[in-house]
Each structure stands twice: as C-alpha cells, then as structure tokens.
C-alpha cells in the first residue's frame with residue numbers, strides 16, 4: 001500500500017516508477033495499485049506524498065519528481081475496469097494516476 005515508511009518519524013510516501021525515453025517530462029498517466037484502498041483513503045481525505053521516478057529504457061538515466069499532499073485532488077485518481085471473470089484475480093480493480101493537469105505542480109528532485 002505504501003512504499004516508504006520511516007520507523008523513526010512515521011513519514012509515509014508513495015513511490016511510482018515508469019519507463020520512458022522522456023525522463024524530463026511528467027507522463028500523462030502512471031499506473032497505480034489497488035483501487036479499493038485508494039478510494040477508502042480518499043473518502044477519509046487521506047493522501048500521501050508521491051515520488052515519481054522516470055527511468056530511461058537503457059536504465060542509465062533517471063529523474064525523480066515529487067508531488068506534495070496539499071497539491072493532490074480526487075481527480076488525480078481514476079479507477080480502471082475490474083479484471084474479467086476469467087482473470088486469475090477476477091474482479092480486482094486498479095487505478096491510474098491522471099497526471100496531465102498536474103504536471104506543473106511536481107517538483108523535480110533529480
């Protein structure tokens with residue numbers, strides 16, 4: 001559910017990675033994880049900082065971007081269709097980060 005959890009201070013953050021040849025530009029979308037827990041957090045107005053790591057296909061170059069909690073809104077998260085009845089995890093649902101309108105809100109760290 002969360003990728004960064006500090007045992008000392010309690011800091012929590014989400015990390016998403018994407019392979020792209022355009023490591024200097026925020027992509028329009030990035031795949032998220034399970035929609036159910038994300039929706040529950042959103043309903044409770046709980047958001048986590050997002051670190052976006054963009055990696056070049058050759059894995060020799062990368063960039064890191066940061067999006068703070070106070071700049072996130074519910075329309076950042078879009079549910080995907082549930083998996084088909086024949087899928088191994090039938091009915092499981094993921095979401096997509098819709099980053100298109102938020103590109104100017106990210107801070108480049110590297």
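Of note:
- Yes/no for residue 39 being more than 17 Å from residue 103 (Cα to Cα) and loosely packed, with under 14 Cβ neighbours inside 10 Å: no
- Just one of (1) closer than 23 Å to residue 109 by Cα; (2) in contact with a helix residue (DSSP H, G or I) (Cβ under 9 Å, 6 or more places away or on another chain) fails for residue 46. It is (1).
- Residues that are closer than 20 Å to residue 101 by Cβ, surrounded by 13 or more Cβ atoms within 10 Å (Cβ to Cβ) and more than 11 Å from the chain's Cα centre (by Cα), drawn from the range 1-26: 20, 26
No lab work stands behind these numbers, since they all come straight from the coordinates. Keep in mind the model is a prediction, meaning the values are calculated, not measured. Using ideal geometry, Cβ is built from the backbone for each residue, glycine included, and neighbour counts are taken over all protein chains shown.
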